[in-house]
Amino acid sequence: MTTKKLNAYSKPRLSPEQVLRFNQEGYLLPSEPVFDQVEFDLLKTHFEHKLEVLPPDIRPESMDVPHFTDLALFRWVFSDAVLDMVEPIIGPDIALFSTHFICKPKGDGRRVPWHEDSAYWSTMVTPSEVVTVWLAIDPSLVENGCMKVIPRTHAEGKRGFSDYVGVDTSTNVFATEIEPRQRREELAVPCILEPNQCSLHDARLMHGSDPNTSNMRRCGYTMRFMGTHVKLDPAAEAYHHIYLARGKDKAGNNYADPGKPYPEKAFYRELNRKKVH
């Protein structure tokens with residue numbers, strides 16, 4: 001599939017100082033818009049159409065792996081605007097791991113428990129080196145449940161594999177949470193974003209978010225990338241696909257075709273609750 005060059009940015013989009021800060025802290029809040037305004041508006045409109053036709057039994061927080069069936073999303077996911085932002089961190093050989101629209105409706109948006117992405121992916125990829133671009137579709141503020149991160153936890157202790165306990169799935173997006181004794185919420189930093197801004201975070205970083213009880217919706221689109229030296233476990237191919245976004249393969253991975261829909265993978269994931277969030 002040939003993707004349109006959306007933005008004429010000069011690579012890289014992150015300075016050496018920003019990359020150093022990301023590596024030290026485990027997250028970064030670039031201030032500039034991700035897309036030009038026309039492209040962002042197109043993406044937001046595309047999302048609004050998807051939300052309108054969401055089945056009534058599916059929560060808007062649960063719009064996982066939409067790119068498996070919605071090929072139009074590769075217009076933005078494979079854009080230079082995004083890839084030039086992650087390349088300084090993971091290198092020129094880039095694979096798309098996953099995407100997820102996580103939309104908290106106003107009034108009753110569910111809480112995201114404290115977690116490390118790597119804990120959910122521990123049997124899927126080796127090593128656990130995945131970078132998330134969290135793109136704000138709506139304003140992401142403290143009052144409507146913005147993401148919070150605990151800096152430097154990506155480099156501590158078990159390096160992304162804490163102990164987890166169950167939580168109530170009627171009020172939480174995921175079913176498990178890091179044990180309270182293993183997290184330090186007093187150090188949490190809110191990732192406050194305007195629409196078309198993003199945060200970046202390491203898969204091993206502790207993060208979560210409060211419920212949205214405000215009168216403002218909060219939606220973000222996560223685009224998750226890894227260097228192609230990271231190996232996807234062949235067993236995971238039963239329910240998951242990765243895509244070569246830029247460069248060449250380094251680990252002998254199998255890559256899906258971005259020009260082909262995979263409804264059976266999306267159905268399997270939903271049926272078996274294989275949440276790559």
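The values are calculated or read from the model by the stated rules, or taken from the named source; none is laboratory data. Keep in mind that what you see is a predicted model, and the values were worked out from it rather than measured. Ideal geometry is used to build each Cβ from the backbone, glycine not excepted, and the neighbour counts take in all protein chains shown.
Below are the figures for this structure:
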read-out: Single residue of V230, V276 found to be at pLDDT below 95, buried (at least 19 other Cβ atoms within 10 Å of the Cβ) and either touching a strand residue (DSSP E or B) at 6+ places or on another chain (Cβ under 6 Å) or at positive phi (or both); value: V276
read-out: Matching residues, the stretch 58-75, being farther than 14 Å from Y243 by Cα, buried (at least 19 other Cβ atoms within 10 Å of the Cβ) and touching a helix residue (DSSP H, G or I) at 6+ places or on another chain (Cβ under 8 Å); value: M63, D64
read-out: Residue, nearest to P105 (Cα to Cα), within the stretch 225-236, restricted to residues that are out of contact with any helix residue (DSSP H, G or I) (no Cβ under 8 Å at 6 or more places or on another chain) and in a strand (DSSP E or B); value: L232
read-out: Any hit, the stretch 250-265, residues being of a type in the set (D, E, K, R), in contact with an Asp or Glu (Cβ under 9 Å, 6 or more places away or on another chain), loosely packed, with under 15 Cβ neighbours inside 10 Å and part of a loop (DSSP other than H, G, I, E, B); value: yes
read-out: Every residue from the stretch 193-215 that is of a type in the set (D, E, K, R), touching a strand residue (DSSP E or B) at 6+ places or on another chain (Cβ under 7 Å) and buried (at least 23 other Cβ atoms within 10 Å of the Cβ); value: D202
read-out: Entirely in the stretch 150-218, the strands (runs of 3 or more DSSP E) that have 1 or more residues that are within 25 Å of Q18 (Cβ to Cβ) and not basic (K, R); value: 198-202, 207-209
read-out: Test: residue in the stretch 85-92 that is at pLDDT 95 or above and in contact with a Ser or Thr (Cβ under 7 Å, 6 or more places away or on another chain); value: no
read-out: The stretch 23-57 - residue that is in contact with a Leu (Cβ under 9 Å, 6 or more places away or on another chain) and among the charged types (D, E, K, R) and, of those, surrounded by the fewest Cβ atoms within 10 Å (Cβ to Cβ); value: D36
read-out: Selection within the stretch 69-103 - more than 29 Å from V19 (Cβ to Cβ) and over 15 Å from the mean Cα position of the chain (by Cα); value: T69, D70, L71, A72
read-out: Residue within the stretch 161-177 that is surrounded by 19 or more Cβ atoms within 10 Å (Cβ to Cβ), within 24 Å of Q24 (Cα to Cα), touching a helix residue (DSSP H, G or I) at 6+ places or on another chain (Cβ under 8 Å) and of a type outside the set (S, T, Y) present; value: no
read-out: Total residues in the stretch 84-131, condition part of a loop (DSSP other than H, G, I, E, B), surrounded by fewer than 24 Cβ atoms within 10 Å (Cβ to Cβ) and among the hydrophobic types (A, V, I, L, M, F, W, C); value: 1
